[in-house]
Amino acid sequence: PDGGGETPPPLTPGAGTPAKPSVITVRLPSGSLRLDSRGRFAIKVSCPKGTASCKVRVLVKRGKTRLAGSKTVTIKPGATATVTLRPTSAMRRSLRRGSSVEISVSVSGTGIKTASKKLRVRPR
């Protein structure tokens, strides 16, 4: 009456389910930014400790209009990277008139929680 076969090993919980990828939260600066002497502005992006490196894409918009080029940067865990962007000619004209421009900076990437923050860029 014995099946003659070996008994299968007991199932461990979670052995059949794939691991859920962790979501990384990237920090953006707060407050305002100023143009440097070459007409660019720098945005600091931080990657939290205890994660793999963060590959993020920084995009600057005002409403639906893109105001500066986007950049993709890889950041080591626990480090902060500075992304330098050059504003478009329309944004430079606004800044030359002496007014500040409110922008929306968004950071996205694979396995990264999309973060968006409103910042103010002031003329030099």
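The values are calculated or read from the model by the stated rules, or taken from the named source; none is laboratory data. As the structure is a prediction and not an experimental result, all values here were calculated from the model. Here the Cβ is made from the backbone with ideal geometry for all residues, glycine too, and neighbour counts use every protein chain on show. Heavy atoms of the whole protein, side chains included, go into the accessibility calculation; ligands, DNA and RNA do not. Shrake-Rupley method; radii C 1.70, N 1.55, O 1.52, S 1.80 Å.
With Cβ to Cβ distances under 14 Å as the rule, what net charge do the other residues near G63 carry (K, R +1; D, E -1)? Could the numbers behind the result be given before it?
Numbers: positive: K61, R62, K64, R66, K118; negative: E102.
With Lys, Arg at +1 and Asp, Glu at -1, the neighbours total +4.
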Rough spin-label spacing in nm, given labels placed 7 Å along Cα→Cβ, for S104 and S116: 0.4 nm
Here D for the range 18-117, in µm²/s, from Stokes-Einstein with a Kirkwood Rh over Cα pairs at 10 °C and 1.306 mPa s, works out to 110 µm²/s
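Calculate what fraction, in whole %, of the accessible area of the range 42-124 sits on carbon and sulfur atoms when a 1.4 Å probe is rolled over the protein chains.
Carbon plus sulfur share of accessible area: 46 percent.
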Directionally averaged projected area (convex hull, Cα atoms, the range 70-124), nm²: 4.6 nm²
